[in-house]
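Every number in this text was worked out from the coordinates using simple rules, so none of it is lab data. Keep in mind the model is a prediction, meaning the values are calculated, not measured. Glycine also receives a Cβ, built like all others from the backbone with ideal geometry; neighbour counts cover every protein chain displayed.
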Amino acid sequence: MSNSQSYPVQDWHRQEVIAAIRMRGISVAELARQNGYENPTTFYNVFKAPYPKVEKIVAKFLGKQPADIWPSRYQSSPQVYRNVS
């Protein structure tokens, strides 16, 4: 028998994503410009609603998959759980 509990997998907080990008040496606005977004404000919409194109850009830059950062946007069932030991 295991003493592990299941917790819902949560999306990264907006500030976690921003910090992860900044820790790699650029701002979110600069990442937007490097990917052809003249108005970086459009790029920030990824923090408010699903935006697959930008999710892929951010995830690739961070060496992740979009579902790693925003699991709620990619889950197939209503609730995703992971075991914590």
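What separates the Cα centres of region 53-78 and region 10-24 is a distance of 12 Å.
Ranked by the mean number of other Cβ atoms within 10 Å of their residues, highest first, the peptides 62-73, 25-36 come out as 62-73, 25-36.
For region 5-84, the alpha-carbon radius of gyration amounts to 1.15 times the rule-of-thumb value 2.2 N^0.38 Å expected for a compact globular protein.
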